Amino acid sequence: MQASADVNQRIARISAHINPPTDNLQMEGSSNLKRENCRAKGGSPGFKVAILGAAGGIGQPLAMLMKMNPLVSVLHLYDVVNTPGVTADISHMDTGAVVRGFLGQQQLGDALTGMDLVIIPAGVPRKPGMTRDDLFNINAGIVRTLCEGISKCCPKAIVNLISNPVNSTVPIAAEVFKNANTYDPRLLLGVTMLDVVRANTFVAEVLGLDPRDVDVPVVGGHAGVTILPLLSQVKPPCSFTQEETEYLTSRIQNGGTEVVEAKAGAGSATLSMAYAAVKFADACLHALRGDAGVVQCAFVSSQVTELPFFASRVRLGRNGVEEIYPLGPLNEYERVGLEKAKKELAGSIEKGVSFIRK
Amino acid sequence: MAATSATTLSIGSNTSASIKVGLLSQSKASGVKFTSKNYPWSFSALKVTNSVSCESESSFLSSESCAALKRSYITKARKHNLRSYSYVQPQASYKVAILGAAGGIGQPLALLIKMSPLVSELNLYDMVNVKGVAADLSHCNTLSKVSDFTGTSQLADSLKGVNVVVIPAGVPRKPGMTRDDLFNINANIVKTLVEAVADNCPDAFIHIISNPVNSTVPIAAEVLKQKGVYDPKKLFGVTTLDVVRANTFVAQKKNLKLIDVDVPVVGGHAGITILPLLTKTKPSVSFTDEEVQELTVRIQNAGTEVVEAKAGAGSATLSMAYAAARFVESSLRALDGDSDVYECCYVQSDLNDLPFFASRVKLGKNGVEALISSDLQGLTEYEQKALEALKPELQASIEKGLAFLQKQPVSA
């Protein structure tokens, strides 16, 4: 009796690998060790990235730059028109990433299956005189469709949302994911990197510094007064006169409009947006790879203020957003700006949420 | 923070500028590799050259092995008396002008050059739309200052003090067209632009992208001659895209790592005038006769492949911008004193009886330092035949370009 119990135990132990425990309490905390999260040994060191809206004004230079990124092993280009041409063009570049093109909504699923990072520049751009909010109706529908695809095909992917108005489309995406039960707030990021890039450039201009050395945190949202550059926290530490602060804040907030006006109907910022989006996507890929200390500003689900979404500095890691940093000390000007930003942002978030909920 | 080599320390810096991409796996780079904090992917790291170097900015390596590699690299460099750039941030000091900056190639090209750490000023010129492109690009936080110039009245100002002029201006092919069909329009454009270059920056390197390159480069040469400022060492037809395509297709076919592949492409830049010397590929691979045939035809028609795929929406823009930017970067490195820059390009040549011929050249401070003739020795029978076949077509294109100027003499 005793002997057979021992034998059974031995057999159970030896054959444990065939039926591994699924409700293992130990594994709960360290989700990264779960089998499905481990990358295959000897697998390609790169990541699979999809660009939804790859044939557009932002999508094309974005696709070119991502094709050049050594961390990308597979690049999926999706759009409703013109993708075969863009794919053929980019596929000739002699860099490692494998490019595949997908055309039309029926191919959205194939484009998204197995992706690690999804970048969404899809949508229509502003014309002179329009605000980002005027794009709402068209772009909201586009974002909803694409997010439905993501929740079906790659719910664990990190999503970089560029489509304006970001202040509303990120809440829309969140609602779509919630409805599909795949919502992970750590994986949904609205790209506000262009505001940071603009802030760095303009501050460097004013101070006569190398723009690559300047880092300005930009918080709040991604439209007009919701863009709040925290000039008091700039690295390297500098002080600004009141005049400079107002000039810089205004210029950073209206940087997008500056370009829309200059293009006089021919579009909005494409090249600088592609540049910023690629810097941000690259940071996400570094984080996915496990690099430490990847900190960027992004518009995420957040408790930093009473609003459900807010852009601030976040630390990125293998699971997306790992830590959201508090805003830090603000001066008087910024505190006033923060209240203004929150008011408008609340309205935009509500607009996005009710678009799905109604 | 990602562990980096001692070259650029960015300790705890959270700037977006300090996100670097590990490039060790790609460091079959030349003897010079600049490590810029804000330039994610340097072309020099993507290109194979002869010298061995272990420039590393890798974040996969621990700092000790990075330091060890750097030490070994520096001793090697000293032995060969090479300037070791590994610990020097290159000074951005070059002025680049893009004529045709608002076009399909011009825009992504402008973006790539704006991102280059070697450029201090970027002049964008076009007939329309360039104000918007410049405003857009000026927001990127890289070193170069962007200026826009619109229309022929501002053409001269766009060229003052420029070191490298890139000319992608012109119309692209539509399905069914050959590069030659673009001749009339683009020939005029190139003539006007090169006249201005001759008047305003005669010492600049001139990169001609406008098709048909086989003809527009001789046109440019004649214009410069008539203005009395022709320097054959500084006039280039950009054929880098053929090399890029050859590398991609060969790597695909032979399952090689793209970073290792380098195929020299000679001849010209249209159809059968494009001659990839597959047997001279690095690393050396053997091809069957069918593979040689298939690959050669594919490389020759790759441009058409894209024109067809775009179905009227244009021709290769992004890959052309990438290739052109790589060539601009090589030129800037050569201007900066790098002694190890080799690129294939279409230049005035004495390698054979054709006045202009694309081959691998060594670039230096004054432009073409040497034409690499060794590529043209020891050709296989297939390559020899292809070379003979391309000569008459290339000759005809060159003559067409020269004849164009007989009818349209250069304005003083």
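The values are calculated or read from the model by the stated rules, or taken from the named source; none is laboratory data. Please read all numbers here as calculations on a predicted model, not as lab measurements. No Cβ is skipped: glycine too gets one built from the backbone with ideal geometry, and neighbour counts run over all protein chains shown. These accessible areas exclude ligands, DNA and RNA; they are computed on the full protein's heavy atoms, side chains included. Shrake-Rupley method; radii C 1.70, N 1.55, O 1.52, S 1.80 Å.
If the viscosity is 1.002 mPa s and the temperature 20 °C, what Stokes-Einstein diffusion coefficient in µm²/s follows for the stretch B:244-292 when Rh is the Kirkwood radius over Cα pairs?
Values: Rh = 11.0 Å.
D, rounded to a whole number, is 194 µm²/s.
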message: For a quick check: with amide H placed at 1.01 Å from N, whose amide H comes under 5 Å from residue B:344's, ignoring anything fewer than 5 positions away on the same chain?
response: B:361
- request: Determine ³J(HN,Hα), in whole Hz, for all residues of the stretch A:270-283 in sequence, where each value follows from phi through the Karplus function 6.51 cos²θ - 1.76 cosθ + 1.60 and θ = phi - 60°; x replaces Gly and Pro.
  value: 10, 5, 5, 5, 4, 4, 5, 4, 5, 4, 6, 4, 4, 4
message: Taking a ≥ b ≥ c as the square roots of the Cα gyration tensor eigenvalues, with a/c under 1.5 meaning rounded and otherwise prolate when a/b beats b/c, else oblate, which class fits chain A?
response: prolate
query: Which cross-chain or sequence-distant (5 or more) residues have an amide H under 5 Å from the amide H of residue B:127, H modelled 1.01 Å from N in plane?
result: B:151
field: Karplus-derived 3J(HN,Hα), 6.51/-1.76/1.60, for each residue of the stretch B:331-336, Hz, glycine and proline x
entry: 4, 5, 5, 5, 4, 7
message: If you fit an axis through the alpha-carbon atoms of helix A:166-179 and take the longest principal axis of the Cα set of chain A, what angle between them do you get, 0 to 90°, nearest 10?
response: 20
message: Just to confirm my numbers, what's the Cα centroid distance between the stretch B:275-294 and the stretch A:304-358 in Å?
response: 57
task: Report which residues of the stretch A:234-254 become buried by 20 Å² or more of accessible surface when going from the isolated chain to the complete set of protein chains (1.4 Å probe; DNA, RNA and ligands ignored).
output: A:235
- request: Mind computing the radius of gyration and Dmax over the alpha-carbon atoms of the stretch A:258-316? Å is fine for both.
  value: 15.1, 43
statement: In whole angstrom, the spacing between the Cα centers of the stretch B:125-139 and the stretch A:56-113 equals 26
- request: Calculate the radius of gyration of the Cα atoms of the stretch A:151-261 to one decimal place, then report Dmax, the largest Cα-Cα distance, as a whole number, both in Å.
  value: 16.6, 51
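So if each residue of separation counts as 0.36 nm, and I subtract the Cα-Cα distance between residue B:188 and residue B:297, what length gain in nm does that give? Before the final figure, lay out each step's value.
Details: separation 109, 0.36 × 109 = 39.24 nm, distance 3.07 nm.
Result: 36.2 nm gained on full extension.
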query: How many percent of DSSP beta bridges within the stretch A:116-227 run antiparallel, rounded to 5?
result: 10
- prompt: Using a Gaussian network for chain A with springs between C-alpha atoms less than 10 Å apart, which of these wobbles most: A:314, A:166, A:294?
  reply: A:294
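The stretch B:202-253: percent of C-alpha pairs farther apart than 13 Å? Intermediate results must be reported in sequence, preceding the final value.
Values: 818 of 1326 pairs.
I get 62 percent for the Cα pairs in the stretch B:202-253 exceeding 13 Å.
Given a Förster distance of 22 angstrom, what is the FRET efficiency for residue A:244 paired with residue A:336, based on the Cβ-Cβ distance and rounded to 0.05?
Details: r = 17 Å, r/R0 = 0.76.
That gives a FRET efficiency of 0.85.
Starting from the Kirkwood Rh over alpha-carbon pairs, what translational D in µm² s⁻¹ does the stretch B:145-265 have by Stokes-Einstein at 10 °C and 1.306 mPa s?
Working: Rh = 16.0 Å.
For the chosen part, D equals 99 µm²/s.
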- line: HN-Hα couplings for the stretch A:142-157 via Karplus (6.51, -1.76, 1.60; θ = phi - 60°), in whole Hz with x for Gly/Pro, come out as 4, 4, 4, 4, 5, 5, 4, x, 4, 5, 7, 9, 8, x, 9, 7
- line: In nanometres, the difference between 0.36 nm per residue of separation and the alpha-carbon distance of residue B:128 and residue B:93 is 9.8 nm
Residue A:221 long-range amide H proximity, modeled H, under 5 Å: A:227, A:228, A:311
message: For the pairs A:178/A:263; B:310/B:400; A:343/B:131; A:235/B:365; B:145/B:365; B:234/B:280, flag any whose C-alpha to C-alpha distance is greater than 31 Å.
response: A:178/A:263; A:343/B:131; A:235/B:365
message: Could you work out what % of the accessible surface of the stretch B:117-220 is carbon and sulfur, using a 1.4 angstrom probe and leaving DNA, RNA and ligands out of the count?
response: 51
message: At R0 = 45 Å, how high is the FRET efficiency between residue B:381 and residue A:81 if r is their beta carbon distance? Nearest 0.05 is fine.
response: 0.45
- line: Connecting every pair of Cα atoms under 10 Å apart in chain A and solving the GNM, the largest mean-square fluctuation among A:319, A:331, A:200 falls on A:331
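Sort B:333, A:289, A:10 from largest to smallest accessible area, using a 1.4 Å probe on the heavy atoms of the protein chains. Show your work: numbers first, answer last.
Values: B:333 5, A:289 50, A:10 120 Å².
Order by accessible area, largest first: A:10, A:289, B:333.
Which whole-number percent of Cα pairs in the stretch B:321-412 have a distance greater than 23 Å? Don't skip to the answer; put the middle values down first.
Working: 1734 of 4186 pairs.
Of the Cα pairs, 41 percent sit more than 23 Å apart.
Return the FRET efficiency for the residue pair residue B:154, residue A:325: r is the Cβ-Cβ distance, R0 is 45 Å, and the value is rounded to the nearest 0.05. Don't skip to the end; give the middle numbers.
Values: r = 47 Å, r/R0 = 1.03.
Efficiency, rounded to the nearest 0.05: 0.45.
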statement: So, relative contact order of the stretch B:152-223 in percent, Cα under 8 Å, 6 or more apart, is 44
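Quick one: plug the Kirkwood hydrodynamic radius of the stretch B:202-306 (C-alpha pairs) into Stokes-Einstein at 20 °C, 1.002 mPa s, and report D in µm²/s. Walk me through the numbers before you get to the answer.
Working: Rh = 15.0 Å.
Diffusion coefficient, whole number: 143 µm²/s.
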message: If you average the alpha carbon positions of the stretch B:362-412 and of the stretch B:147-214, how far apart do those two centres end up, in angstrom?
response: 19
